[in-house]
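Here's the structure, in structure tokens; my notes come after.
The values are calculated or read from the model by the stated rules, or taken from the named source; none is laboratory data. These figures come from a predicted structure and were not determined experimentally. Note that we place each Cβ from the backbone using ideal geometry, even for glycine, and neighbour counts take in every protein chain shown.
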Amino acid sequence: MLARFLAFVEAVLQRLAYLSCYLWFFACVAATWVVSPLLGIFAVGLAVWSLSRGGSYGGWTHGSARWAGFSDLRAEGCLFSRHGLPLGRTQGLAPGGWLASLRPLLTYSLLRSSEAMAAASRREADGRALRVNLPDRIPHAAIFGSTGSMKTTAYAVPVLQSCAESMVVLDPKGELARLTARLRMRRYGHDVQIIDPFGVANVRGIPTARLNPISLVREEPSRLVDEARRLATAIVVRTGEEKDPFWAQISNTLVTATVAFLASEATPEEATLSRARDILCSPKLTEQMLAHMRESDACSGLLQRLAGQVAQLEGQTKASAYSVANSHIDFLDSLPVAETLSESTFDPKQLVNAKQTIYLCLPVDRVAELNGLQRVLLSTLINAVFAAGEDRRRKVRFLLDEAATLGPLDALYNAVFYGRSFGLRLLFLFQSSSQVSRSFPDSQKDDFFATVGSVFCGVNDHRTAKEVSDWIGQTTVVGTTRQDSFSQGKTAGTGLQDQTHSTNWGDNRSTSYSEVGRALIQPEEVLQLPKNAAIVLLPNVRPILAEKTPYFARRGRRLIRRTGWAVVNAVVALATAAAVGGAVWAATIGQDHPMVVELSGKLSDLLSRR
């Protein structure tokens, strides 16, 4: 609290000092006009030129792409927001002249002095870096960067450190849990749960959590079969490239029937996915399950219908169907996984009703083989938010590191395209843009890029670089063509009585200007960006050139230097206040003071001599 107050005082003093400098500048211009009108005209012209200076060539014949300026970012709500996701920092934004710097100093409220100074100092080469945030109208974002591009340190960790909303974190390495779990407990008072079957996070003081998805299916008897089908959809992976979709469909039916049976008929201890695996692996248990379902009136007869559908399988088709279904749930053949899904040690509804952070941690070298576990847990948590109903004021954030490992997932698709009104906010981390097609195949990929904000923070492949260049578009620049030509000739003649010599030469130079189009940034320039640079592309916003800021980076000047500048700013502000006060006093109640009368006389003499 004290640090924030001191920063506020520092910003106020700096703002007053800036305004004082402007005041002295205009006072000097006025004094110059009084002393010499000719010199005053020159000074006023110089001031007007300085105030209006800014901008660049504005042609658009071949394209009008340009980098976002201060006014663009402010209009879209990307600046001065404490609630949006941090996308990096930017500085040196289109200065726009002195007038653009003066406006925030005069119009921003006193409490926004820090913002006013950040806006006013952007015309300086070393002006304050402005934090760029994801505007609230854009609910989701995707970070693209190869290994070592600071996706974790510059984006994932800062998001977890700065966002107070409930969060679900897909954390393949357990790194995010180690860095931020205790911080979120201490700073925001969150109920932190870490689902960590293999102990990769090992956060001291926080036990490993467990979650049984079928326990949530049991809570809504009227929608039990529907919830069982959604859980089965998360388990059975459909890539869209299957030669025969029948096997994926029948696998979904088998898993749905088994989950619905356990949720409606089994005891809470028996209603687990591991038990579903036991049933589908045993023909005897399967027949017992189907016999029980045929005689059950649960779910208004829907169990009987499912049993009849499964019983139609015969011969080799039946054997193949069960084999394919079991291939989708073989991730359950692991004691740590079975224990993790055996019971629920927390209530995921607290994501909506309270403050909760859930980490899903897996060994990075086993992410592919445990893909089913990720899909089941993530789908369960997304559906829990949907089940809470629409609420645009609610925000539940999902941070998905290595999101490509999830594959196509209906719950994820629904969250991206329909989840905003339910409070869902997603942040994806990908290695490259081509990985998006693994989770959003075919036309879904184009829909994905049209919906989310994209941050490219370390592009190493030419395909992604070309896509970025094409998305940004072309700009119009002035091309210069120069032509130089030189000609020289010599003739000589010899007669009987005289000789003649002649020499001629010519030099021709021409310069022409024309508008030409070029990409605002070429693919090779994208590949050669500095390691701390990132390109931010938001829907309906000019492209943003941002600076990545790792969570451990120290910003700001040292204490002694900041204190010194605060003293200087205070002296300037006080001196200006004294001068203005003296001028006002001399013009009002101090007109008859001897010193004022004497100075007025000297000024009159000076003007009369001129």
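Details
- Close Cβ contacts (under 8 Å, 6 or more residues apart or on different chains) running from residues in the range 203-223 that are of a type in the set (V, I, T) to residues that are buried (at least 17 other Cβ atoms within 10 Å of the Cβ) and part of a loop (DSSP other than H, G, I, E, B) comprise T208/D196; T208/P197; I214/A271; I214/T272.
- Residue match in the range 435-451 (condition: out of contact with any strand residue (DSSP E or B) (no Cβ under 6 Å at 6 or more places or on another chain), at pLDDT 70 or above and under 15 Å from V526 (Cβ atoms)): no
- The sole residue among S379, S300 that is modelled with pLDDT of 95 or more and either of a type in the set (G, A, S) or in contact with a Phe, Trp or Tyr (Cβ under 6 Å, 6 or more places away or on another chain) (or both) is S379.
- Identity of the residue in the range 364-402, of a type in the set (V, I, T) and in contact with a helix residue (DSSP H, G or I) (Cβ under 7 Å, 6 or more places away or on another chain), that ends up nearest to S162 (Cα to Cα): V396
- Looking across the range 437-485, the residues that are of a type in the set (D, E) and under 29 Å from G419 (Cβ atoms) come down to D442, D446, D447, E467, D470.
- Taking first residues from the range 235-252 that are under 18 Å from L412 (Cα atoms) and partners that are surrounded by fewer than 18 Cβ atoms within 10 Å (Cβ to Cβ) and among the charged types (D, E, K, R), the Cβ contacts under 7 Å between residues at least 6 apart in sequence or on separate chains come to G240/D442.
- Scanning the range 162-186 for residues that are surrounded by fewer than 22 Cβ atoms within 10 Å (Cβ to Cβ), touching a residue at least 24 places away in the same chain (Cβ under 8 Å) and basic (K, R) turns up K173, R178, R182.
- Among the residues of the range 157-209, the ones that are closer than 30 Å to R393 by Cβ, among the basic types (K, R) and touching a helix residue (DSSP H, G or I) at 6+ places or on another chain (Cβ under 6 Å) come to 0 in all.
- Of the listed requirements (1) under 18 Å from D333 (Cβ atoms); (2) outside any helix (DSSP H, G or I), S251 misses just one: (2).
- Scanning the range 261-284 for residues that are within 25 Å of Q374 (Cβ to Cβ), in a helix (DSSP H, G or I) and of a type in the set (D, E) yields one hit, D278.
- Residue in the range 6-26 that is modelled with pLDDT under 80 and not in a helix (DSSP H, G or I) present: no
- Some residue of the range 510-522 being more than 22 Å from S71 (Cα to Cα), modelled with pLDDT of 90 or more and out of contact with any Gly (no Cβ under 8 Å at 6 or more places or on another chain): yes
- Residues in the range 424-466 that are over 14 Å from G407 (Cα atoms), more than 16 Å from the chain's Cα centre (by Cα), of a type outside the set (A, V, I, L, M, F, W, C) and crowded, with 22+ Cβ neighbours inside 10 Å: T464 only.
- Some residue of the range 536-547 being within 30 Å of V9 (Cβ to Cβ) and at pLDDT 85 or above: yes
- For the range 185-215, the set of residues classified as β-branched (V, I, T) and touching a Phe, Trp or Tyr at 6+ places or on another chain (Cβ under 6 Å) consists of I194 only.
- Of everything in the range 122-138 that is modelled with pLDDT of 85 or more and surrounded by fewer than 24 Cβ atoms within 10 Å (Cβ to Cβ), the residue that is farthest from L424 (Cα to Cα) is N133.
- The lone exception for N383 - which of (1) within 29 Å of F144 (Cα to Cα); (2) surrounded by fewer than 21 Cβ atoms within 10 Å (Cβ to Cβ); (3) of a type in the set (S, T, N, Q) it fails: (2)
- Conditions (1) out of contact with any Asp or Glu (no Cβ under 8 Å at 6 or more places or on another chain); (2) outside any loop (DSSP other than H, G, I, E, B); (3) within 23 Å of D401 (Cα to Cα); number of the one not met by A156: (1)
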